[in-house]
1. Once a ≥ b ≥ c are taken as the square roots of the eigenvalues of the Cα gyration tensor of the range 1-89, is the result rounded (a/c under 1.5), prolate (a/b larger than b/c) or oblate (a/b not larger than b/c)?
2. Cα centroid distance between the range 329-359 and the range 186-218, in Å?
3. For the peptides 16-27, 54-65, what is the packing order when you average, over each peptide's residues, the other Cβ atoms within 10 Å and list the highest mean first?
4. Going by the alpha-carbon gyration tensor, a ≥ b ≥ c the square roots of its eigenvalues, is the range 42-109 rounded (a/c under 1.5) or, if a/c is not under 1.5, prolate (a/b greater than b/c) versus oblate?
5. Mind listing the phi-derived Karplus ³J(HN,Hα) values for the range 236-253, rounded to whole Hz, using 6.51, -1.76 and 1.60 with θ = phi - 60°, and x for any glycine or proline?
6. Past the 18 Å Cα-Cα mark, which pairs from Lys57/Lys149; Lys91/Lys111; Lys91/Lys156?
7. What percent of all Cα-Cα pairs in the chain falls in each 20 Å bin, counting up from 0?
8. Work from the charge dipole of the chain (Cβ charges, +1 for Lys and Arg, -1 for Asp and Glu, about the Cα centre) and give the residue of Leu47, Leu239, Met314 farthest towards its positive end.
Amino acid sequence: MFNLSDPVTDWVVYILASVVMGTSLLIAVAFIRRWQQNRYSFYLHTLQRIYRPRVAKLLAGTRSPAAIETLRRLPMADLENLMDPLFSRRKLSERQLIFLQALCSELGLIKLWQSRVLRDDEGDSHPPAEGMQENSTDHAIRHYLLRAKSIRNLGKLRHHASWPLLVNALDDRHLDIQLVALRSLGAVGAPESFGVLRERLHAALLQRPTSAPVAGLRAAMASFEIGCAPALFPSLSHLNHEIRLHAIEILRTIIAREAARWPDSVLSSKLVTPRIVELVFAGLAIDASAEIRAGAAEVIVYLADPRITPVMSMLLRDAQWLVRHHSLRALARCAQAAVPLQTEIRDRLDDGDWRVREAAIQALIALGPEGMDLLYEHFLTSSNFAAKGSMRKSVFGLK
């Protein structure tokens, strides 16, 4: 029997009542949130079911004024939700991108995204979607997400005219916004923005006031086409070691991508510019930094220049294992440059570093039957047990 006049009993009752009320409130909130999510999911599903066939028809290249007029009547929030799955795809064909950019321009979405990129500290007047309510914190988060999506969408469309806005977004106070802007700048590939990114990279590496991260800047610059490579000359010839190192990595990535796109071609000095070719052969290949020499080796193999063989022969005998290793890896990717260096590559089978020996084996295998003959001959005649062990594992698959 409870004594209701007992203070302890009163406290127990109060605590139990509070727990029951708190639990009931949490359950009610969970049900409300679930109801809102279901309502929002139903809204998205209905939107996609009704209007997605019209969008697919337009992206296929079929001109339909009636479909465009129907889409124009939709609120901007509905249009964005309708288009969002297209921008979330990992890859769109060139044809789809052309029609998608034209459609977004005609519906006013590009102007909306551009205006949103300009507003980095203002609220968004765009109303929330049906079935969703938000407080001030949710509104701020939503504006931040919408701005990031707008930057992503402009980059996905490769909207060239938006590059100044994307550059301005690099000064945003949110690191995530900066990274999205860098990815979009790399996707757009506007040559006018390459110099801006180069100067920001210099400022970041020289520890001057800058907001964009070094890794993001380098990745964005490496996404540009080879036509922008000449603009790297100030970085490749800079006195600062870190700047030269990042520049050669950017150049190496750009050239390797171009070589992968056109496997049977070599890069002329006219395409890369003679002064960069001269700098790579006469400067970076003998740089004091082993990392820069290694990066130079991975560039040299793709250049159409008579100095490839003597310079690569020198790099194959470099004192640093890193340079020898990268030189052999580069020759394995470019058999045309490796053919005159078969003897030098075979000599690396006796290298003191196991990583260099493994790379030499892979380079000879890449040469085809001639390279395999050199491998077999070395295995039968060499007295170097370490080299034979590497060959047993790499060529014969034996332990």
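No value in this document is a laboratory result; all are computed from the given coordinates. The structure displayed is predicted, hence computed values, not measured ones. Please note: Cβ atoms are built from the backbone with ideal geometry, for glycine as well, and neighbour counts cover all protein chains shown.
1. It is prolate, given that a/c is not under 1.5 and a/b is the larger ratio.
2. Here the two parts' Cα centres lie 35 Å apart.
3. 54-65, 16-27
4. Note, shape of the range 42-109 comes out oblate.
5. Listing the rounded values in order: 5, 9, 5, 6, 6, 4, 5, 5, 4, 5, 5, 5, 5, 5, 5, 4, 4, 5 Hz.
6. Exceeds cut-off: Lys57/Lys149; Lys91/Lys111.
7. Bin by bin from 0 Å, the calculated values are 21, 36, 27, 12, 3, 0.
8. Result: Leu47, furthest along the dipole toward the positive end.
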